[in-house]
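The structure under discussion appears below in the form of structure tokens.
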Amino acid sequence: MTVIDFTAFIGRLATASGETILPFFRTSLSVDNKSSNDFDPVTEADRAAEAVMRRLIKSNFPQHGIVGEEFGNEREDADYVWVLDPIDGTKSFIAGFPIWGTLIALLHKGTPVFGMMHQPYIGERFSGDNGSAHYSGPSGERRLSVRRCASLKEATVFTTSPLLMNPDDRARFGRIENAARLSRYGGDCYSYCMLAAGHLDLVVETELKPYDIAGLIPIITGAGGVVTTWDGKPAQSGGRIIAAGDPRVHEAAMKLLNA
């Protein structure tokens, strides 16, 4: 089977997760903290959406593996593995801001071959298969393409928050900020989709988990962008991530981060 065979099913996963999440959004839902040292929130919406997607995958593709943020890993050594983040941007979700999304990735032998970001409140979907990327939403449907940017001094750069970085990484990111035209915070998965859509030029993050980035890689590369770790390795395992629309900006940012 090729990735094309799974496209309709991924749409079903997105629809089911969105229908599960939306009744919780902008309500007085309870929030649990998954971390003993920091604030890592999880809600009933996160758990319910992942449970719905897992049930669909198991009933349709019982031989496939699943890696999920809320309920762990199953058959992760299978040829096909689904990587799920039911709500990427839970902190924005609990604050009522619609800059969160459901991330769905399909890996074949460890490589992300299809990814989708679904924002059900706005009704937007960003998808890609490394060869091309597409948008579907209130403004219609169109192909996604990154924009050209010759240098960091012309670039708009995003990170979710420098407070999520350790002091050394924060200092390295400061070099990027000093060189860039504009630096903005927030966005989580939305930042990467806006990069793929040609609205910004660079996203720099640290300490990402596989489910935070796997679904975004085929979108970024399908739109013509570049996404790696800070040391230039494949990004699907997470860690310190840099994504750029133009390879010139990626190279310049890499030099500053590793200087």
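The values are calculated or read from the model by the stated rules, or taken from the named source; none is laboratory data. No experiment lies behind these values; they were computed from the predicted model shown. Every residue, glycine as well, gets a Cβ built from its backbone with ideal geometry; the counts of neighbours run over all protein chains shown. We work out accessible area using only protein heavy atoms, side chains counted, and drop any ligands, DNA or RNA first. Shrake-Rupley method; radii C 1.70, N 1.55, O 1.52, S 1.80 Å.
Here are some notes:
- Hits in the range 193-207 - residues which are open to solvent by less than 30 Å² (accessible area, probe 1.4 Å) and aliphatic (A, V, I, L, M): Leu195, Ala196, Ala197, Leu200, Leu202, Val203, Val204
- Taking strands (runs of 3 or more DSSP E) as the structural unit, those lying wholly within the range 180-259 and holding at least 2 residues that are without any contact (Cβ under 8 Å) to a residue 60 or more places away in the chain and over 20 Å from Gly89 (Cα atoms) correspond to 226-229.
- Residues that are out of contact with any Lys or Arg (no Cβ under 7 Å at 6 or more places or on another chain) and either open to solvent by 40 Å² or more (accessible area, probe 1.4 Å) or closer than 12 Å to Tyr192 by Cα (or both), drawn from the range 145-154: Ser145, Val146, Arg147, Arg148
- Residue within the range 155-169 that is among the aliphatic types (A, V, I, L, M) and crowded, with 21+ Cβ neighbours inside 10 Å present: yes
- The requirement of being modelled with pLDDT under 95 and touching a helix residue (DSSP H, G or I) at 6+ places or on another chain (Cβ under 6 Å) is fulfilled somewhere in the range 36-44, by at least one residue.
- Condition met for Pro247 (within 17 Å of the chain's Cα centre (by Cα) and either surrounded by fewer than 23 Cβ atoms within 10 Å (Cβ to Cβ) or hydrophobic (A, V, I, L, M, F, W, C) (or both)): no
- Taking the criterion of being in a loop (DSSP other than H, G, I, E, B) and either in contact with a helix residue (DSSP H, G or I) (Cβ under 8 Å, 6 or more places away or on another chain) or closer than 14 Å to Leu195 by Cα (or both), the residues of the range 117-131 that qualify are Pro120, Tyr121, Asp129, Asn130, Gly131.
- Ala253 being farther than 29 Å from Glu76 by Cα, crowded, with 23+ Cβ neighbours inside 10 Å and more than 18 Å from the chain's Cα centre (by Cα): yes
- Arg26 within 20 Å of the chain's Cα centre (by Cα) and not small (Gly, Ala, Ser): no
Residue-by-condition table, conditions (1) open to solvent by 10 Å² or more (accessible area, probe 1.4 Å); (2) farther than 23 Å from Arg47 by Cβ:
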| position | (1), (2) |
| --- | --- |
| Gly68 | no, no |
| Gly96 | yes, no |
| Thr111 | yes, yes |
| Gly128 | no, yes |
| Gly131 | yes, yes |
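Each row is one residue, and each column tells you yes or no for (1) part of a strand (DSSP E or B); (2) more than 23 Å from Lys233 (Cβ to Cβ); (3) hydrophobic (A, V, I, L, M, F, W, C).
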{"residue": "Pro62", "(1), (2), (3)": "no, yes, no"}
{"residue": "Glu70", "(1), (2), (3)": "no, yes, no"}
{"residue": "Phe93", "(1), (2), (3)": "no, yes, yes"}
{"residue": "Pro98", "(1), (2), (3)": "no, yes, no"}
{"residue": "Leu103", "(1), (2), (3)": "yes, no, yes"}
{"residue": "Leu106", "(1), (2), (3)": "yes, no, yes"}
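- Residue within the range 13-28 that is at pLDDT below 95, open to solvent by less than 40 Å² (accessible area, probe 1.4 Å) and in contact with a helix residue (DSSP H, G or I) (Cβ under 6 Å, 6 or more places away or on another chain) present: no
- Here Ala48 clears all of (1) touching a Ser or Thr at 6+ places or on another chain (Cβ under 7 Å); (2) of a type in the set (A, V, I, L, M); (3) buried (at least 18 other Cβ atoms within 10 Å of the Cβ) except the condition numbered (3).
- Condition met for Leu84 (among the aliphatic types (A, V, I, L, M), free of Cβ contacts under 8 Å to residues at least 60 places away in the same chain and open to solvent by less than 40 Å² (accessible area, probe 1.4 Å)): no
- On the stretch given as the range 108-137, residues that are closer than 20 Å to Gly225 by Cβ, among the hydrophobic types (A, V, I, L, M, F, W, C) and touching a Pro at 6+ places or on another chain (Cβ under 9 Å) total 4.
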